[in-house]
Amino acid sequence: MHLKIEESLVSEKSYTRADWQKGYQSLTQEFDYWIDDIEGQIPRELQGTLFRNGPGLLDVNGQPLHHPFDGDGMISRITFTNGRAHFRNRFVRTTGYLAEQKAKKILYRGTFGTQKRGGWLANIFDFKLKNIANTNVIYWGGKLLALWEAAEAYRLDPYTLETLGNEYFNGVLSAGEAFAAHPRVENNCGQDGGAPCLVNFSIKPGLSTTITIFELNPAGEIIRQHAHKVPGFCFIHDFVITPNYCIFFQNPVTFNPIPFALGIRAAGECIKFQPNQPTQILIIPRFPKEGQEEIKFLEIQSGFVFHHVNAFEVGEKVLIDSICYQSLPEVEPKSDFRQVDFEANSPGQLWRFCLNLKDGTVRRELIDSRCCEFPSIHPANVGRPYRYLYIGAAHVETGNAPLQALLKIDLESGERQFWSAAPRGFVGEPIFVPRPGSKKEDDGWVLALIYDAAHHRSDVIILDANDFSKGMMSDDKSLRAYARLHLKHHIPYGLHGSFTSE
Ligand code: 3ON
Ligand code: FE
């Protein structure tokens, strides 16, 4: 009986598990070539570099990792110049990567469940977390930085992707201090005479948590820094900024350090979601004034947020758009992530929160119930009112499923555009790139990596952001895009990246 139900579900799916799993094979090779297998045309106005980061290894010399978030960071660099594109990828030579590649085995405990061989005795009282630099990559102040939220940034050569060492920002940060993986760039900072400003944070766990906020000028120097103590444990992956505030969602989770200390469970496996506790919204002024309260706390219904889209102020109100999960699935010590039961987990859904700073009330509204992750917007609108967002989405309208499609949402008219790589394609984070000199918010392109299971390789796709159906030249529906660049190999499912026109 049980089997029968399973089969009928399989037939309705927009993907097969076998296809999806292949995107989680390690890529051990490092490449450097001009992309010559291209469908459509690369727009000549598209000039610059798309950097991507994500776990490149899902095993160490055949020893499997327990979770993809534990994989060593690998940077891909796709440079567009005069209608051509060049590909290069390199692993971040972190201390842990170098040591494990040399030893040909796992030497570190991963945050999300990877343990050293030899059971708890091999892991007990080992509190070192391996900085894998796998979550994001940004180009700021003339430096290319690979980021992981629990430790220091790694600096890379922007052309060769050679690892140059840890970045401490002229000694403002010290060894062991984190520089999180979700910086936000305000294009036009009032405090700095309209210059761009990069805002980032660090989380220091403990019985109470310290959140430190950093603001960097275009030269890459930390020009403002302030620290705040928050009661309880925090698992905060992302935040939003507005011209006046930094805003964090403190997810309702608890941390039990004992199994971690005893080597029985990894740190991430000791985090437990608390469905009966509210989510706290922390509102921290970016430029604290004398006598102003340090942090404002607002409560909303329980839920879990990894990523926010954007936030903006309207008078005394702050609007925040976020991807919310009903709960955080626990990482099970004995399980294999490749066997995850998608249907058993709640999908990420797009919500808008309206915070009234005057009376402390919060209202929320569901924008889209389709399973989605990895939002992107026009870079000039970070912290400001905006109209369009682009996001990875499931092919089917309901339920939890892998990302196979790209969705554009017009927040003003409610109009949607949908591009799908199903049944055999799987999408990563889209990045919106404005056309040089453009005035309209959606005048530009959407770039994304697609894993194509039919050929076990990845493609770079370029969509016209204004009209996803533009320039579609292929008879094969699943191959259609403005341009589709076939790489010579696959890239394991990644996390975040950025585009720079420099
Ligand atoms: O909270 C404490 C402080 C802290 C910073 C304790 C702690 C050990 C949990 C911790 C460390 C957190 C880390 C290292 C988080 C790393 C997260 C990571 C590498 C990735 C997160 C990805 C999130 C999402 C939503 C990915 C989605 C992927 C898909 C939809 C499919 O590809
Ligand atoms: Fe993230």
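Taking only region 116-134 into account, find how many residues are within 24 Å of the chain's Cα centre (by Cα) and of a type outside the set (D, E, K, R).
Residues that pass the stated criteria total 5.
Search region 33-56 for residues being within 26 Å of the chain's Cα centre (by Cα) and within 14 Å of H489 (Cα to Cα), and hand back the single one that is farthest from ligand 2 (Cβ to nearest atom).
I35
Restricting to region 239-255, name every residue that is under 15 Å from T209 (Cα atoms) and not hydrophobic (A, V, I, L, M, F, W, C).
Of everything in region 239-255, those that are under 15 Å from T209 (Cα atoms) and not hydrophobic (A, V, I, L, M, F, W, C) turn out to be Q250, N251, P252, T254.
Pull out all pairs, ordered by first then second residue, where Cβ-Cβ is under 8 Å, the residues are six or more apart or on different chains, the first lies in region 111-135 and is over 9 Å from G263 (Cα atoms), and the second is within 16 Å of ligand 2 (Cβ to nearest atom) and charged (D, E, K, R).
Correct list of pairs: T111/D70; F112/D70; G113/D70; T114/D70; K130/D70; I132/D70; T135/E149.
Does region 135-163 hold any residues that are among the hydrophobic types (A, V, I, L, M, F, W, C) and within 18 Å of the chain's Cα centre (by Cα), and which are they?
Within region 135-163, V137, I138, W140, L144, L145, A146, L147, W148, A150, A151, A153 qualify.
For a quick check of your reading: which strands (runs of 3 or more DSSP E) sit entirely within region 260-326 and have at least 1 residues that are over 30 Å from K116 (Cβ atoms)?
Filter on region 260-326 gives 279-285, 296-300, 304-314, 317-325.
Would you be able to say whether some residue in region 156-177 is among the charged types (D, E, K, R) and within 16 Å of ligand 2 (Cβ to nearest atom)?
no
Test F297 against the criterion of being within 16 Å of ligand 1 (Cβ to nearest atom) and either surrounded by fewer than 19 Cβ atoms within 10 Å (Cβ to Cβ) or of a type in the set (A, V, I, L, M, F, W, C) (or both), and give yes or no.
no
Only one of Q41, Q25, Q47, Q21 is touching a helix residue (DSSP H, G or I) at 6+ places or on another chain (Cβ under 6 Å), surrounded by fewer than 19 Cβ atoms within 10 Å (Cβ to Cβ) and of a type outside the set (A, V, I, L, M, F, W, C). Can you tell me which?
Checking each option against the conditions leaves just Q21.
Suppose the filter is without any contact (Cβ under 8 Å) to a residue 60 or more places away in the chain and either in contact with a helix residue (DSSP H, G or I) (Cβ under 7 Å, 6 or more places away or on another chain) or within 16 Å of ligand 1 (Cβ to nearest atom) (or both); does Y108 pass it?
Considered against the rule, which asks whether it is without any contact (Cβ under 8 Å) to a residue 60 or more places away in the chain and either in contact with a helix residue (DSSP H, G or I) (Cβ under 7 Å, 6 or more places away or on another chain) or within 16 Å of ligand 1 (Cβ to nearest atom) (or both), Y108 comes out as yes.
Pick out the one residue from T111, T79, T94 that is at pLDDT 95 or above and in contact with an Asp or Glu (Cβ under 8 Å, 6 or more places away or on another chain).
Of the residues listed, the single one that is at pLDDT 95 or above and in contact with an Asp or Glu (Cβ under 8 Å, 6 or more places away or on another chain) is T94.
Could you list, in sequence order, the residues of region 233-277 that are over 23 Å from S302 (Cβ atoms) and within 16 Å of ligand 2 (Cβ to nearest atom)?
I241
Among the residues of region 225-247, write down those that are in contact (Cβ under 8 Å) with a residue 40 or more places away in the chain and more than 12 Å from ligand 1 (Cβ to nearest atom).
Q225, H226, H228, F239, V240, I241, T242, P243, N244, Y245, C246, I247
Which of the residues spanning region 316-369 are among the aromatic types (F, W, Y) and closer than 29 Å to K408 by Cβ?
Y325, F342, W351, F353
Is it the case that some residue within region 261-276 is of a type in the set (V, I, T) and within 12 Å of ligand 1 (Cβ to nearest atom)?
yes
Name every residue in region 473-495 that is at pLDDT 95 or above and in contact with a Pro (Cβ under 8 Å, 6 or more places away or on another chain), in order of residue number.
P492, Y493, G494, L495
Report the residue count in region 322-377 for those that are more than 18 Å from N400 (Cβ to Cβ), within 16 Å of ligand 2 (Cβ to nearest atom) and not hydroxyl-bearing (S, T, Y).
Qualifying residue count, region 322-377: 1.
Select, from R88, R52, R77, the only residue that is surrounded by fewer than 18 Cβ atoms within 10 Å (Cβ to Cβ) and part of a strand (DSSP E or B).
After ruling out the rest, the residue left standing is R88.
Taking the condition over 30 Å from F31 (Cβ atoms) and within 16 Å of ligand 2 (Cβ to nearest atom), does V230 pass?
So V230 does not fit the description; no.
Output yes when any residue across region 345-356 is within 19 Å of N276 (Cα to Cα), within 15 Å of ligand 1 (Cβ to nearest atom) and surrounded by fewer than 16 Cβ atoms within 10 Å (Cβ to Cβ), and no when none is.
no
The values are calculated or read from the model by the stated rules, or taken from the named source; none is laboratory data. Remember, it's a predicted structure, so these values are computed and weren't measured experimentally. Note: ideal-geometry Cβ built from the backbone for every residue, glycine included; neighbour counts use all protein chains shown.
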